[in-house]
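As C-alpha cells, the structure follows; a few thoughts come after it.
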Amino acid sequence: MLSPIVYLFQRSDIISIFSLGNGLLMPMLRGTRKNSQQRPSSGKMSPGRLVEKIEARAKLDTMAAAGWLKQVIDKDKPARAFIDVGGVGAGIYDRLREMGFGEIVRAVNFGSAPLEPPPLDEHGNPSGGPLNRRAEMWMNSRAWLEDEAGAAIPDRDSLQADACGPTYTYDSNSRLKLESKDHMRARGVRSPDEWDAVALTFAEPVAGRVGFRRRIVYPRVGVA
C-alpha cells in the first residue's frame with residue numbers, strides 16, 4: 001500500500017491540509033465543523049482540533065492527480081497544501097506550481113532535516129528532538145492529541161492502529177527515530193499510511209486567515 005495524501009483547507013475557523021503520497025490519494029479534512037459528531041469531552045472545539053473526513057483515490061497518474069487536486073483547491077480554497085515529494089508527489093507538486101498554485105503548495109520531504117532547530121544540552125551542543133521531518137511531524141501530531149484543548153479523530157480502527165503502530169528509538173545524539181515502514185512490515189505490522197497523512201498536516205504552522213475590517217482613521221494634521 002502506498003502513502004496517502006491528506007488535505008488541509010482553511011475557511012473561517014475550519015482548518016485542514018492537503019498532503020500527497022504515491023498512488024493512493026487520501027484527502028483528510030482537519031478542522032472544525034458545527035455538525036460534527038466527534039467532540040472532545042469538554043464539548044468545546046478550537047480551530048484545527050478535528051480530523052473530520054478521509055477519502056481515498058488510487059491509480060491516478062501525475063496529471064490526473066494534479067487535476068483532481070486543482071479541483072479541490074479551486075473549490076475549498078485551502079490556506080496551504082502540503083505535498084509529500086518523496087515519490088511521484090514531486091511531479092504533482094511541480095505541475096500545481098505550473099498551474100499557478102505556488103503560494104499554496106509546499107513540498108515536504110519526510111527524510112529531510114527537522115524544521116525546528118534541535119534543543120541544546122548544558123554544553124551548548126545539539127541533543128534531543130526528532131531525527132528528521134517525519135519524526136518531527138509525528139511528534140507534533142502527538143502533542144496535538146495530548147493538548148488539553150481536546151482533539152477528535154474519526155472512529156476508524158485503521159487510523160487509530162496507524163497512530164499506535166510504529167515503535168521508536170533514539171540515536172547517539174538522543175534524537176527520536178521512528179521505526180521504518182520496512183521494519184514494521186517485517187514484523188507483520190502494516191505501513192501507518194493514514195497517520196502519516198495526519199502527521200503531514202503538521203509540516204509547518206499555518207496561520208489563520210483573519211480579515212482586517214477595522215476602518216483606519218488618520219488624524220487631521222494641518223500644515224502651517
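Extension gain, Trp68-Asp94: 0.36 nm per intervening residue step, less the Cα-Cα distance, totals 7.9 nm. The shape of the range 46-122 can be summarised by an equivalent ellipsoid whose semi-axes, obtained from the alpha carbon gyration tensor, come to 26, 18, 13 Å from longest to shortest. Listed peptides 78-86, 149-157 appear in the order 78-86, 149-157 once ranked by packing, highest mean of other Cβ atoms within 10 Å at the front. Can you bin the range 67-161 into rounded, prolate or oblate? Criterion: square roots of the alpha carbon gyration tensor eigenvalues sorted a ≥ b ≥ c, rounded for a/c under 1.5, prolate for a/b above b/c, oblate for the rest. Verdict is oblate for the range 67-161. Per the Cα gyration tensor, the range 106-161 maps to an equivalent ellipsoid with semi-axes of 27, 16, 9 Å, ordered largest to smallest. Going 7 Å from the Cα of Lys75 toward and past its Cβ, which residues in the range 149-168 have a backbone nitrogen under 14 Å from where you end up? What the label zone holds, given the 14 Å backbone N cut-off, is no residue at all. Put simply, when 131-144, 100-113 are sorted by average Cβ atoms within 10 angstrom per residue, most first, you get 131-144, 100-113.
Bear in mind that the values in this text are calculations on the coordinates, not laboratory data. This is a predicted model, so every value here is computed, not measured. As a convention, Cβ positions derive from the backbone with ideal geometry for all residues, glycine included, and neighbour counts pool all protein chains shown.
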